[in-house]
Each structure stands twice: as C-alpha cells, then as structure tokens.
Amino acid sequence: MTLKPAPHETLIKTRNLTKRFGDVLANNAINFKVKKGEIYALLGENGAGKSTLMNMLSGVYTPDEGHIFVHGEKVFFKSPEDSIKHRIGMIYQHFKLIDVMTALENIIIGRKDGFFLRTKEIKKQVLSIADRYGLPLNPDKKVYDMSVGEKQTVEIMKVLYRGADILILDEPTAVLTPQEIQNLFSILRRMKNEGCGIIIITHKLNEVMEISDWVTVLRKGENVGSVKTSETTYRQLADLMVGRSLDLSIEHVEIQEKNPVLEVRHLVLEDDERIKKINDLSFTLFSGEILGVAGISGSGQRQLCEALAGLYPVASGIIKYEGRDIVGLSSRQIMDKGISMSFIPEDRLGMGLVASMDLTENVILKDYYRSPGPFVDRKKGLEKTLAIIEKFNIQTPGPFHPVKLLSGGNIQKVLLGREIMSEPHLLITAYPTRGLDIASSFLIYDFINKQKKKGVPILYVGEDLDVLLELCDRIMVLCDGKATGILESQNATKELLGLLMAGETLESVERMNAHASDH
C-alpha cells in the first residue's frame, strides 16, 4: 500500500541538540525537522558538525543537551539499535557489506527470524520492497561482483528491510558515476513520494540544488540557516557555508606553447598477486598542461601516481621525463637526475607527512637530502613554514605544532603548501582538495594554475567532474586500469565521462550515438 505524504506530519525533529568533546563544542543548540515526503540536505564544510549531528540521530553519540523527537515521540538513543527500532536507517559513505555474501544475505544478516527456514518468503518480501521503491536488485548476486551503485542499493535495502522510513545518507554520491547519481536520485524521489523522510549529508552544492526540498547549513557547529531550496541559490548557500562572499569561478589558463615532458608508453603495473592495476596505459603530458584523471575509486589512479613518482614497481612499459628513462628509479634517484618532482599522495600522513613531527620539521623534510652537510638551515625552514601557514590559511597554534594534532583539512594544506612551494618541474596530485572547505579548494585551484602558468606539467587526479572539466586541459578516464578515453575538456561532458568511467570506450559511445541518431 502506497503511503500518501502527510504535508504537516513531522518524522524527525531536534530541539537545541548539543554535543561537546572536551572543550570542543561540536554541535550547539541545533534545531531542524524533516517531514514525510521531504528530502533534506545537511550542508557544511568539514568540521562544521554534520557527522556529529547525524551520529546523534543514529544512536552512535548521546547528546549532552537537547532532545530528539521521532514520529512525535521524545526518544533517547543509547545505541544504533535504539535508532533502528525507531525506523531510522543510516547509510554510510563507506559500505559495510560482506563481499563473499549475496545481496540477500547482506540485507538480512543479523536478523533472528529463521532466515534459512524461510528463504523463499524473505526473498519475496525483499523483492516486494525493492519493487515498491524502484530499487534494481538481484538478491542472488555476490557483493564482489557488484558495481559501486549496486552496493549502495544493497545498503539502502538493508535499512528499508528493517522498516526504516527516515533515511540518513552520508556523502551518497562520493564514489558514483554521473549515471549512477541520477539513478540514485530517481530512487530517492520515489522514496520521497512513498512518504519517507530523507536526510543527505553532503558538500556538493549542485546536487543539493537538484535533489533537496530543504537545506540546513552548519558552520562551526551551529545552524546558520535553514532554507527552502527553491528559494535560494548556489552562491547564497556557499556564502552561508563559509560566512563570507566567494568567487566560485575556476580560471582556465590557456598556454600557447606546449612541449612533451612526460611520456608513458604501454605501462603495466601489478600488485603482489600479479593482478594488473594498470594495463597497457599510454599518454603524454605536456608543459603547461593540466591532465585530469577521472575514474571510479580503485581504477588504478593510486598505483599510476606512485609509479610516476618512483614509489611503485613497474612490471613493463616506458616512463620518460624529457627523454630520460626513469623506470626503476626511486624518488631519490629521480632527484639525482635533477628532476624536481612534487607528489601529493592520497595517503597524506602515511606517505606525505610524518605524523609525530611538527609543521616545520615536515616542511623541511625534502631539504634534508639536498643539504650538503648533516644539518639543514632550520631558520630558512621556519621562514618557509610561516609563509605556507599564511598563504594556505592553515589553522594551527604555531609552526612547531605536531601535524597529527591538526584537522584533516589543515594536514592536507601543509602537504600541498610544501609541495607546491618547492618549485617543482612536474606536479602529480591525487585528490588535492579532498577534505578541504570551498574557500580552501578554490585557493588550491589558483595555486595549481600558477604552476601551470610557469610551464609546469600537472597530473591531476580528481573525483569532482565539474572541477575536472573547468580546470583541466584534457581528461584521461581510467576503468579497471585501462584508459577508456583521453579527450579535450572542451569536448567532454559529465555524461560522456560517466560512460567512460563505467567501461565504455570513446569508439563504443560514438557507435551508440550513431545508432541512436539512425533511429
């Protein structure tokens, strides 16, 4: 039976919800409510308090002050089980599925209702729920055979099967292709029409404008505004997030003279089990060019970056910098050849910085090797650190503060500052703005463009397709370690990139378009 959305029936409401962690006020007197048949976006920069608020609603944290009301009843959650009993379902960004199990087994895991005695009956129930909400589900498919979008569908089904009518989705589009995002949005709209209340935690303003009915913006743990989406704009929401007016345009720098700098031919990279992570990849990177790399997470981006930086073994193929072969050379040996390469890895603390060291020590790490004697000039290192703190707006008590005590966004800015200000000949960067707020992200785009203007070739691995299209000159799409296409940004669209990310090639897309036009 279809639920008819009741326009004034509130599913969940908070009143003065407050949470502290020691001296840090993570949420301060948060008020908002979600009615039946509403999609509600919770927007804010990293550290704004979004996750803390959702963890209180899902029973992970207990509020220090304030109240939660579900279906009009005041509730007290001591655990996630309490939240689930009140029909709240949390879908996390990182899926919690067991790969070797089927979709059905993952959906009913933990239930004490005689699954093995009533398999047919339970499968019928699950398929009925899937059909009601328009969820494409193969209950017998193993998780390890699923796409990212299919895995997310299973996560949604898990909470629906438990009776949830309030769904909280944490960054639900972070690892989806554009086509998968549109499929998800279709499902959410169907659930909305069936009377569910949906809360989406995100920082993607364009998606907020497309899918939500209401938006609450958090800044420094406080609700700085709740607005009807149809009555606001992208720019107004951005200004609310950061507390000031922002220029949200990404400059696209045109460089006239470009020369080949980095040549990669028939590159093959394998893991310890001889599984190909990069398979027969060829491309050229030119001076003053930003070559974007798009792809679903795990398509070989990390291995490619590390191999170029001398940190991952090459099974076969050629990597040449200005005609000089660098295959098999370590990072230090590459430096010995006079090649200044800056690499900003995905793993900030594991590969980029030393957590136990302070900012200054981390900034001068690269200078130890260059120093002619056993000592480095710490005075110059301190000056460089202070310049990075100022230019990149790093929030820290001082230059001698341990890096591990900084927030994730500030750790990222320390690494970016060190690498970008080292005057590199080649810049390789993986997800440089991940974890950064809007203002810091645009600051990074400006610094990358400054390197481009100096003629520095840049390999830019990113996940935001809008940014890739605006910032980059060309975009290379990886799928399962293979390049499905390398195309000029001006000739690309999000839809085309999405098809390539899903495994189509430029040739197959052209054939599909030709076939469609014939009919």
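The values are calculated or read from the model by the stated rules, or taken from the named source; none is laboratory data. All of these numbers come straight from a predicted model, not from anything done at the bench. Using ideal geometry, Cβ is built from the backbone for each residue, glycine included, and neighbour counts are taken over all protein chains shown.
What pairs come up if the first residue lies in the stretch 71-93 and is more than 12 Å from MET56 (Cα to Cα) and exposed (fewer than 15 other Cβ atoms within 10 Å of the Cβ), the second is among the hydrophobic types (A, V, I, L, M, F, W, C) and at pLDDT 90 or above, and their beta carbons are under 8 Å apart, counting only those six or more places apart or on different chains?
Cβ pairs passing all conditions: LYS74/ILE68.
Name the residue that is nearest to THR202 (Cα to Cα), counting only residues in the stretch 20-32 that are part of a strand (DSSP E or B) and more than 27 Å from the chain's Cα centre (by Cα).
Step one: of the stretch 20-32, the residues part of a strand (DSSP E or B) are 20-21, 24-32.
Restricting the remaining residues to those that are more than 27 Å from the chain's Cα centre (by Cα) gives 29, 31.
Details: ALA29: 21, ASN31: 18 Å.
By that ranking, first place goes to ASN31.
Within the stretch 355-399, take every residue that is surrounded by 11 or more Cβ atoms within 10 Å (Cβ to Cβ) and aromatic (Phe, Trp, Tyr) and give me the one that is modelled with the lowest pLDDT.
Per the stated criteria, the residue is TYR369.
Could we say that GLU254 is under 22 Å from ALA294 (Cβ atoms) and in a helix (DSSP H, G or I) here? Even if it seems obvious, please write down each step before you answer.
Details: under 22 Å from ALA294 (Cβ atoms): yes; in a helix (DSSP H, G or I): no.
So GLU254 does not fit the description; no.
Might you check whether a residue that is among the aliphatic types (A, V, I, L, M) and exposed (fewer than 14 other Cβ atoms within 10 Å of the Cβ) occurs anywhere in the stretch 128-146?
No; the residues of the stretch 128-146 include none that is among the aliphatic types (A, V, I, L, M) and exposed (fewer than 14 other Cβ atoms within 10 Å of the Cβ).
Would you confirm, using the coordinates I've provided, whether SER51 is in contact with a helix residue (DSSP H, G or I) (Cβ under 9 Å, 6 or more places away or on another chain), among the polar types (S, T, N, Q) and either surrounded by 14 or more Cβ atoms within 10 Å (Cβ to Cβ) or not assigned by TED's automatic domain parsing to the domain that holds GLU207 (or both)?
Criteria not met by SER51.
Can you tell me which of (1) out of contact with any Lys or Arg (no Cβ under 8 Å at 6 or more places or on another chain); (2) hydrophobic (A, V, I, L, M, F, W, C); (3) within 22 Å of THR202 (Cβ to Cβ) is the one ILE68 doesn't meet?
(1)
Take the residues in the stretch 196-250 that are basic (Lys, Arg) and in contact with a Leu (Cβ under 8 Å, 6 or more places away or on another chain), then tell me which one is surrounded by the fewest Cβ atoms within 10 Å (Cβ to Cβ).
Per the criteria, the residue is ARG235.
Among the residues of the stretch 33-61 satisfying the criterion of being over 18 Å from ARG219 (Cα atoms) and β-branched (Val, Ile, Thr), which is farthest from the chain's Cα centre (by Cα)?
Once the filter is applied, the top-ranked residue is VAL34.
Taking the criterion of being closer than 20 Å to GLY498 by Cβ, within 24 Å of the chain's Cα centre (by Cα) and either buried (at least 19 other Cβ atoms within 10 Å of the Cβ) or at pLDDT below 90 (or both), would at least one residue in the stretch 261-281 satisfy it?
Scanning the stretch 261-281 turns up no residue that is closer than 20 Å to GLY498 by Cβ, within 24 Å of the chain's Cα centre (by Cα) and either buried (at least 19 other Cβ atoms within 10 Å of the Cβ) or at pLDDT below 90 (or both).
Name the helices (runs of 4 or more DSSP H) wholly within the stretch 456-519 that hold at least 2 residues that are over 19 Å from SER249 (Cα atoms) and at pLDDT 90 or above? Full working, then the answer.
Working: elements: 465-471, 494-501, 506-518.
Hits in the stretch 456-519: 494-501.
Within the stretch 187-235, work out how many residues are outside any strand (DSSP E or B) and not charged (D, E, K, R).
Looking only at that region, the number is 19.
Within the stretch 80-120, which residues are charged (D, E, K, R) and at pLDDT 85 or above?
GLU81, ASP82, LYS85, ARG87, ASP99, GLU105, listed by residue number.
Name every residue in the stretch 19-60 that is aromatic (Phe, Trp, Tyr) and touching a residue at least 40 places away in the same chain (Cβ under 8 Å), in order of residue number. Let's see the steps before the verdict.
Filtering the stretch 19-60 down to residues aromatic (Phe, Trp, Tyr) leaves 21, 32, 40.
Answer for the stretch 19-60, where residues must be aromatic (Phe, Trp, Tyr) and touching a residue at least 40 places away in the same chain (Cβ under 8 Å): PHE32, TYR40.
Identify all residues within the stretch 335-349 that are basic (Lys, Arg) and part of a loop (DSSP other than H, G, I, E, B); write none if there are none.
So in the stretch 335-349, the residues basic (Lys, Arg) come out as 337, 348.
Matches in the stretch 335-349: LYS337 only.
Taking the stretch 251-260 only, how many residues are out of contact with any Gly (no Cβ under 8 Å at 6 or more places or on another chain) and exposed (fewer than 13 other Cβ atoms within 10 Å of the Cβ)?
Selection size over the stretch 251-260: 3.
Output the qualifying pairs, or none if there are none: Cβ atoms under 8 angstrom, residues six or more apart or on different chains, first residue in the stretch 149-173 and in contact (Cβ under 8 Å) with a residue 24 or more places away in the chain, second residue hydroxyl-bearing (Ser, Thr, Tyr) and part of a strand (DSSP E or B).
Close Cβ pairs satisfying both conditions: GLU171/THR202; PRO172/THR202; THR173/THR202.
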